[in-house]
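Right, one structure below, let's go through it.
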Amino acid sequence: MILNLFINILEIIIGLAAGLAVGGGFVAFLTVLGIIPRLIQLSRSAMYSQIYVVSVITGTVFGTYMSFADVNWDQPTMVLILWGAFHGVFNGMLAAALTEILNVFPIISKRIRMDDKLLWLLMAIVFGKIAGSIFQWTVFVK
Amino acid sequence: MADIIYLRMKKNVELNRMQRLYLKDIAYISAPSALKSEIENTFIYQVTKKDRNIIIIDSFMVIDHLNEMYPALELQLIGPDQSIIRIKKVRKTPNIMLASGVWILLFIGTAMTIMNFHYDVSMQDVQQKLHYLLTGEEIKYPLWIQIPYSFGLGIGMLLFFNHWFTKRFNEEPSPLEVEIYNYQQDLDQYVSYYENRLNDTKPFH
């Protein structure tokens, strides 16, 4: 009984510590990529930055719930489409921010001397991503 | 000995409509009081439709102009090198629909990212194994680890953002606020170079 309690407390401490590390790292990653400032600038809503923080936190905790809980809901296809679309937009921003942070475009366009054709390179990457994603889900995983 | 006029350009100026810009709109001036109001009301620029959203007034142009008008004065520039003038359309309140869209985007995006992360690192397997190591029993849902983990996740993020809703833990700005500021700085730097008439470089595209 005492041992059981001890193990429970130990597990709580391990879980909490793991969560702190992952949570801190996760938002540090998001912040460094600068997705939230970009969205704030696009929607001109700097005064709402606090509620976006709430969105990020509740979203992450909700995702954790879905990862570990064995629940299922009876949702229409429309919800799936919306969910997928939002996920896609977010993932796209993540990927774009990552290439931007790593200075892929400035370096590659300088190397091949195509500074003035930057938008064409950008479009190539955009369509490449779309094609790759569709290929993966319709052909590759089957 | 000539009088010295000190000029400090205002870094960001927001206008609601097209108007005539006087020196006092774009700069702070320190001058002998007899001259001050005269200089402050020097006409600098007429904003027209052609300027669209952003105008850069370079301090050099202001000094050049003042030099011509008051050859006897000595001008000293302190502070920013140029003013960024933004012409805003009237819309002051941000779009609630747009903000809600951004909110949902961030919510779903982060939920999916953390789920992908959990599967990617097989977190549930690790937690089950850890539970087995500690207790000797195999269970599918090691809730004693998972629930504190979820709380830890939220707390870790709150600590990072330095906020609990509108209450902040200390005076320091949060990394998010710093990031927003940096982003604005970068944009300002970009426009003050490419929109400046004294630089004849054109941006890509």
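The values are calculated or read from the model by the stated rules, or taken from the named source; none is laboratory data. This structure is a prediction, so every number in the text was calculated from the model and none was measured. When we count neighbours, we look across all protein chains shown, and the Cβ atoms used for this are built from the backbone with ideal geometry, even at glycine.
Per-structure values
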| read-out | value |
| --- | --- |
| Filter result for residue A:49 (of a type in the set (Ser, Thr, Tyr), at pLDDT 85 or above and under 18 Å from the mean Cα position of the chain (by Cα)) | no |
| Any hit, region B:157-164, residues being outside any helix (DSSP H, G or I) and modelled with pLDDT of 80 or more | no |
| Failed item in (1) assigned to a helix (DSSP H, G or I); (2) polar (S, T, N, Q); (3) touching a Lys or Arg at 6+ places or on another chain (Cβ under 6 Å), with residue B:116 passing the rest | (3) |
| Verdict on residue B:193 being at pLDDT below 85, in contact with a strand residue (DSSP E or B) (Cβ under 9 Å, 6 or more places away or on another chain) and either part of a helix (DSSP H, G or I) or at the interface with another protein chain (Cβ under 8 Å from one of its Cβ atoms) (or both) | yes |
| Selection count, region B:55-104, where residues are within 14 Å of chain A (Cβ to nearest Cβ), farther than 30 Å from residue A:88 by Cβ and either surrounded by 11 or more Cβ atoms within 10 Å (Cβ to Cβ) or at pLDDT 85 or above (or both) | 2 |
| Subset of region A:83-109 (residues that are surrounded by fewer than 14 Cβ atoms within 10 Å (Cβ to Cβ), over 30 Å from residue A:63 (Cβ atoms) and within 12 Å of another protein chain (Cβ to nearest Cβ)) | A:106 |
| Of all residues in region A:110-130 being at pLDDT 80 or above and more than 20 Å from the chain's Cα centre (by Cα), the one that is farthest from the other protein chains (Cβ to nearest Cβ) | A:124 |
| Helices (runs of 4 or more DSSP H) lying entirely in region A:38-142 (those with 3 or more residues that are among the aliphatic types (A, V, I, L, M) and either within 21 Å of residue B:157 (Cβ to Cβ) or in contact with a Leu (Cβ under 8 Å, 6 or more places away or on another chain) (or both)) | A:49-68, A:77-101 |
| Unmet criterion (only one of (1) surrounded by 14 or more Cβ atoms within 10 Å (Cβ to Cβ); (2) over 20 Å from residue B:80 (Cβ atoms); (3) within 26 Å of the chain's Cα centre (by Cα); (4) not β-branched (Val, Ile, Thr)) for residue B:25 | (2) |
| Any chance residue B:132 is assigned to a helix (DSSP H, G or I) and within 8 Å of chain A (Cβ to nearest Cβ) | no |
| Lone unmet requirement of (1) of a type in the set (Phe, Trp, Tyr); (2) within 17 Å of residue A:69 (Cβ to Cβ); (3) in a helix (DSSP H, G or I) for residue B:107 | (2) |
